[in-house]
Amino acid sequence: MSQTDTVTDTGEIASVSGPVVTATGLTAQMNDVVYVGDEGLMGEVIEIEGDTTTIQVYEETSGISPGQPVENTGEPLTVDLGPGVLDTIYDGVQRPLDVLEDEMGAFLDRGVDSPGIDLEASWDFSPTVSAGDVVEPGDVVGTVPETVSIEHKVLVPPDFEGGEVVEVNDGEHTVTEPVAVLDNGEEVTMHQEWPVRQARPSEEKFTPTEPLITGQRVQDGLFPIAKGGTAAIPGPFGSGKTVTQQQLAKWSDADIVVYIGCGERGNEMTEVIEDFPDLTDPKSGNPLMARTTLIANTSNMPVAARESCIYTGITIAEFYRDMGYDVALMADSTSRWAEAMREISSRLEEMPGEGGYPAYLAARLAQFYERAGRFETLRGEEGSVSVVGAVSPPGGDFSEPVTQNTLRIVKTFWALDADLAESRHFPSINWTESYSLYKDQLDPWFEENVAPDWPEERQWAVDVLDEEDELQEIVQLVGRDALPDDQRLTLDVARYLREAFLQQDAFHDVDTFSPPEKTYEILTAIHTYNDEAFAALEAGAPIEEITSIDAAPRLNRIATQEEYEEYVEELEAEITEQLQALY
Amino acid sequence: MKEYQTITEVSGPLVYVETDEPIGYDEIVEIETPSGEVKRGQVLETAESYVAIQVFEGTEGVGQDASVRFLGETLKLPVTEDLLGRVLDGSGNPIDGGPEIVPDERRDIVGAAINPTAREYPEEFIQTGISAIDGMNTLVRGQKLPIFSASGLPHSELALQIARQASVPEDVADEGEETEFAVVFAGMGITQEEANEFMDDFERTGALERSVVFLNLADDPAVERTVTPRMALTTAEYLAFEEGYHVLTILTDMTNYCEALREIGAAREEVPGRRGYPGYMYTDLAQLYERAGRLQGEEGSVTQIPILTMPGDDDTHPIPDLTGYITEGQIMLGRELNSQGVEPPIDVLPSLSRLMDDGIGEGVTRADHSGVSDQLFASYAEGKDLRDLVNIVGREALDERDNKVLDFAEAFEGEFVDQGFHTNRDVEDTLDIAWDVLSILPKNELSRIDEEFIEEYYEGDESVAGDETETEEAEA
């Protein structure tokens, strides 16, 4: 968060109750950032009534007492944007956690402020404009190698007027030194600030047509999400939300990943922090951290910062979108964010809406997801922000307000299922409840880039799984043996779809990432088994013999093969041979 | 220190006092009743002319004539290594008749959050000697793994078995490192009888020497329960990160803790959340549960086993629900298994350990561990489904394969899970027994296990319906 030294006004604390503090004698606007108490704890103005200003404080308020000063900076909550945001781990108000650790040790103390990016560090600036060029807001004036993967584009801030470039400063500079000066006196530096609650401007929003490849079969294969799309992952605890989110952060083919751990477990964030630097981005071959920024506001960190971390994250995502990158943002979990809103709201004694959540819950959720999309940036490039939000419904009940309000907005729904998780079917995405409304607009891409019959194969799989679902109801009543042979065979095929195709082992070195080509191969291999088995059945082969050929169970092993093409080819030949030998 | 005799309102556990100086939020307060009794409390809300105080020891005897002293600091606990072997009440006063505690340090009981960058990811296997845990829901050092129980289920026995048996296998531990745990035990609102059960076992096994016990009994003031776990965790953190102990913290019963939170919330007339529990209960519980883990460059660790009883056996009740969203898994006890006499009655299907994957495998437990565990889960889940079917159509209607799955489920409960509260199995035993029961299934059903391990460990014969070999059970 930016350090603002200017103090526009000073007031006095009138009362303290948890994270909510009221002050008197303070002139302030809504959402101004203030420093509270002798220790200067950061807070934000959330209500103004007469002379009384109500503030949510982003740090613990123990020991703070009435009479202590409150200083207003007169500026809204902003993030620092510039090179150095990637490969960094922040708390909910964009303080780098490693800087905090240096300053206060292993336990988070309070009253320490730090800019979001290192203002002293210098970067090698290569201009792409020269004196005499005319630039407008959003235009690129030069680039900086931010990480091994990402070239950081230095943009004319959206709130500038623009004009003719009169001076360009090549070479090493700190982020606060001007790298380009315009004729109206505006100085472009590598450092920008932007208020988190305000979306960064863009030219236009398009319909997304390209998939965000996740490397997860059930997602790419059955319920794809578009680059610039939105998705929700609701599920009860233990159903694998976090692993699913982390898989997306690791393997999705976005240029930039913003991962927000909002009110989640400390050890989980540590896992991400430890794992990501060692993992390789499948697209570039560079360390994953080189394209990632993490925001970690664990469940025991102050609740107000949990409310703000979602905004911090999306603003960073928009910044890289403006450079023309495809950004994927994972928020785990949006329910904790909603609960933080509820907690603050109840301290303000606002009239509660459904489930005790504030009446503006739906509006806030919609505003957040609406900041996703495929955009034309101010300078006419394309960039996108895809948003995947985990939802943690109390008791796994999807009818609760956060899930319902989210589903009204997002277009992809990956419903996690406790029963699947209990039988260790992972990812536990329920194939009958989940949906993707992007399917049709993404089909042309899959047809062109993976296989021309991709939509047909997918539909075949969906049909078989649907049929299984119906048959299972009968089986529950009469037993499998009572079914006619062809239906028993369908159940057998469906089982392979579930075990060989839908299930995927996130902890297996090979299986953790399944490129779309492999996803397609597995599907067609099962389809081959299906066709050959039904042919054998029609030719009079007994069902018991068909379902017990020893090649078929090897379908389950395709997923873990590195050289899968050859394996699939041999396996298909063998299945065909064994089945044809039966008649 | 100024003394006030300006109490304006007493309501349940809350006292409102008029003040003429600024009082800090969370500060500690002493209230002296006219009869000379001193009660402690904490500032819940502070404004220019009044403060709201929650009184730990109950408000009996507090009236407008009581005097109130503000101590000018937040609640602190004296900590020292000498706490080991001591029994304290819910507010941290010794009740074992032992000597006065001479503190090395006084620590704020509201611990600060650990910076995620300073944590070390927990991945050291803890052997509890219980197959259902070690084999399928493995616990690691620095994890927080609650036991979800319900009234009438033997959660205390299970917690004691863990406390007795938990150790780190020597080849996993660093050289010369202590493989046993120090235990910090916090009882909140438990009955004297339950407390005795724990104390007797601690004394009998000699574990007391390595334990610190905090007891808030059922007839102790409810509000005191909100500080008891914080005291216990402050002690645990001190022992772990200052003195280098590996600490196992048992908190029982979290349901009583949450009831106390609700009581305070109701007294303050707060807008209630689900089922009347305060809206900030998630944050509050997180501030307890998150005080577990390891720190980079520090010897010790804090492992947490909170116990809670699910009202009405309902795991969607706010207490287990919010807990499950914070902790790294849960061990679920099953009423049905308990009535079948399975000891410990761990229902493995809804149980989970999120940190298991990094704590097991080659060089730690055994290379086949992960596959075996997945297979047990998958096949047992299928077996349970089939049981429902058998109730309708009878076993005869099932084919041979399904019958084997049923046999497996039977053997799994009877041999793998039901080991008794006094059997300590090492992880090799656990995995061998797992293979015994898995070998009932046909070989090609074992799709979760790598082929090389099936070759190595599978003992069944595909043509024979079941493996009847009894597994050796060392009942102690």
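Has the stretch A:122-143 got at least one residue that is in contact with a helix residue (DSSP H, G or I) (Cβ under 9 Å, 6 or more places away or on another chain), within 14 Å of another protein chain (Cβ to nearest Cβ) and part of a loop (DSSP other than H, G, I, E, B)? No: zero hits.
Go through the stretch B:376-404 residue by residue and tally those that are over 18 Å from residue B:337 (Cα atoms) and either in contact with a Ser or Thr (Cβ under 6 Å, 6 or more places away or on another chain) or more than 12 Å from chain A (Cβ to nearest Cβ) (or both). Looking only at that region, the number is 2.
Of the residues screened, residue A:71 is one that is farther than 18 Å from residue A:175 by Cβ, open to solvent by 50 Å² or more (accessible area, probe 1.4 Å), away from chain B (no Cβ under 14 Å) and out of contact with any Lys or Arg (no Cβ under 7 Å at 6 or more places or on another chain). Among residues of the stretch A:142-170 being β-branched (Val, Ile, Thr) and buried (at least 17 other Cβ atoms within 10 Å of the Cβ), the one that is farthest from residue A:292 (Cα to Cα) is A:165. Counting only helices (runs of 4 or more DSSP H) wholly contained in the stretch A:227-327, the ones carrying 2 or more residues that are open to solvent by 20 Å² or more (accessible area, probe 1.4 Å) occupy A:241-251, A:266-275.
The residue pairs whose first member lies in the stretch B:316-339 and is more than 8 Å from chain A (Cβ to nearest Cβ) and under 15 Å from residue B:353 (Cα atoms), whose second member is among the small types (Gly, Ala, Ser) and in a strand (DSSP E or B), and whose beta carbons are closer than 9 Å, counting only pairs six or more residues apart or on different chains, are B:331/B:149; B:331/B:353; B:332/B:149; B:333/B:149.
Select from the stretch B:46-97 the residues that are acidic (Asp, Glu) and within 14 Å of chain A (Cβ to nearest Cβ) and list them in ascending order. Residues satisfying the conditions are B:48, B:73. For the stretch A:528-541, the criterion of being over 20 Å from residue A:494 (Cβ atoms) and not in a loop (DSSP other than H, G, I, E, B) is met by none of the residues. Listed by first and then second residue, the pairs linking a residue in the stretch A:296-318 that is at the interface with chain B (Cβ under 8 Å from one of its Cβ atoms) and under 15 Å from residue A:330 (Cβ atoms) to a residue that is in a helix (DSSP H, G or I) and not hydroxyl-bearing (Ser, Thr, Tyr), with Cβ atoms under 6 Å apart and 6 or more places separating them unless they lie on different chains, are A:296/A:269; A:296/B:116. Within 30 Å of residue A:544 (Cα to Cα) and without any contact (Cβ under 8 Å) to a residue 12 or more places away in the chain: does that describe residue B:452? It is true that residue B:452 is within 30 Å of residue A:544 (Cα to Cα) and without any contact (Cβ under 8 Å) to a residue 12 or more places away in the chain.
Conditions tested, residue by residue: (1) of a type outside the set (A, V, I, L, M); (2) closer than 18 Å to residue B:11 by Cα; (3) surrounded by fewer than 21 Cβ atoms within 10 Å (Cβ to Cβ).
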site: B:249; (1), (2), (3): yes, no, no
site: B:252; (1), (2), (3): yes, no, no
site: B:272; (1), (2), (3): yes, yes, yes
site: B:275; (1), (2), (3): yes, no, yes
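Highlighted here are the helices (runs of 4 or more DSSP H) found entirely within the stretch A:425-508 that include at least 2 residues which are open to solvent by 10 Å² or more (accessible area, probe 1.4 Å) and within 13 Å of chain B (Cβ to nearest Cβ): A:454-478, A:485-496.
Closer than 20 Å to residue A:307 by Cα, more than 12 Å from chain B (Cβ to nearest Cβ) and surrounded by fewer than 24 Cβ atoms within 10 Å (Cβ to Cβ): does that describe residue A:78? When the stated conditions are applied, residue A:78 passes them. Taking residue A:556 and the conditions (1) closer than 16 Å to residue A:490 by Cα; (2) open to solvent by less than 50 Å² (accessible area, probe 1.4 Å); (3) not small (Gly, Ala, Ser), which numbered condition does it fall short on, given that it satisfies the others? The single condition residue A:556 does not satisfy is (1).
Candidates in the stretch A:509-540 are the residues that are among the small types (Gly, Ala, Ser) and surrounded by 18 or more Cβ atoms within 10 Å (Cβ to Cβ); of these, the one that is farthest from the chain's Cα centre (by Cα) is A:536.
Looking across the stretch A:385-402, not a single residue is among the β-branched types (Val, Ile, Thr) and surrounded by fewer than 23 Cβ atoms within 10 Å (Cβ to Cβ). Beta carbons closer than 8 Å, at least 6 apart along the sequence or on distinct chains, pair a first residue in the stretch A:262-280 that is more than 7 Å from every other protein chain (Cβ to nearest Cβ) with a second that is among the acidic types (Asp, Glu) and in a helix (DSSP H, G or I) for A:263/A:339. Confirm whether residue B:147 is more than 14 Å from every other protein chain (Cβ to nearest Cβ), touching a strand residue (DSSP E or B) at 6+ places or on another chain (Cβ under 9 Å) and open to solvent by less than 20 Å² (accessible area, probe 1.4 Å). For residue B:147, the condition - more than 14 Å from every other protein chain (Cβ to nearest Cβ), touching a strand residue (DSSP E or B) at 6+ places or on another chain (Cβ under 9 Å) and open to solvent by less than 20 Å² (accessible area, probe 1.4 Å) - is met.
Just checking, which of A:102, A:113 is in a loop (DSSP other than H, G, I, E, B) and open to solvent by 20 Å² or more (accessible area, probe 1.4 Å)? Result: A:113 is the single residue among A:102, A:113 that is in a loop (DSSP other than H, G, I, E, B) and open to solvent by 20 Å² or more (accessible area, probe 1.4 Å).
Of all residues in the stretch B:3-45, those that are within 14 Å of chain A (Cβ to nearest Cβ) and either open to solvent by 10 Å² or more (accessible area, probe 1.4 Å) or of a type outside the set (A, V, I, L, M) (or both) total 13. The listed residues are B:238, B:282, B:245, B:289, and the only one of them that is hydroxyl-bearing (Ser, Thr, Tyr), facing chain A (nearest Cβ under 10 Å) and touching a residue at least 60 places away in the same chain (Cβ under 8 Å) turns out to be B:289. Can you name the residue in the stretch B:292-309 that is touching a His at 6+ places or on another chain (Cβ under 9 Å) and open to solvent by 10 Å² or more (accessible area, probe 1.4 Å) and, of all such residues, is nearest to the other protein chains (Cβ to nearest Cβ)? Ranking the candidates gives B:299 first. Looking across the stretch A:13-33, the residues that are surrounded by fewer than 16 Cβ atoms within 10 Å (Cβ to Cβ) and either over 29 Å from residue B:265 (Cβ atoms) or within 12 Å of chain B (Cβ to nearest Cβ) (or both) come down to A:25, A:27, A:29. Of the residues making up the stretch A:355-386, those that are away from chain B (no Cβ under 14 Å), farther than 28 Å from residue A:140 by Cβ and aliphatic (A, V, I, L, M) are A:362, A:363, A:365, A:366.
For the stretch A:339-354, residues that are touching a residue at least 40 places away in the same chain (Cβ under 8 Å), of a type outside the set (Val, Ile, Thr), more than 9 Å from chain B (Cβ to nearest Cβ) and in contact with a Pro (Cβ under 8 Å, 6 or more places away or on another chain) total 2.
Among the residues of the stretch B:47-86, those identified as of a type in the set (Val, Ile, Thr) and over 34 Å from the mean Cα position of the chain (by Cα) are B:51, B:62, B:68.
Has the stretch A:161-168 got any residue that is in contact (Cβ under 8 Å) with a residue 60 or more places away in the chain and not charged (D, E, K, R)? No, there is no match, as no residue in the stretch A:161-168 is in contact (Cβ under 8 Å) with a residue 60 or more places away in the chain and not charged (D, E, K, R).
The values are calculated or read from the model by the stated rules, or taken from the named source; none is laboratory data. Here the structure is a predicted model, which is why all the values come from computation and not from measurement. Note that we place each Cβ from the backbone using ideal geometry, even for glycine, and neighbour counts take in every protein chain shown. Accessible surface is based on the protein model in full, side chains and every heavy atom, while ligands, DNA and RNA are left aside. Shrake-Rupley method; radii C 1.70, N 1.55, O 1.52, S 1.80 Å.
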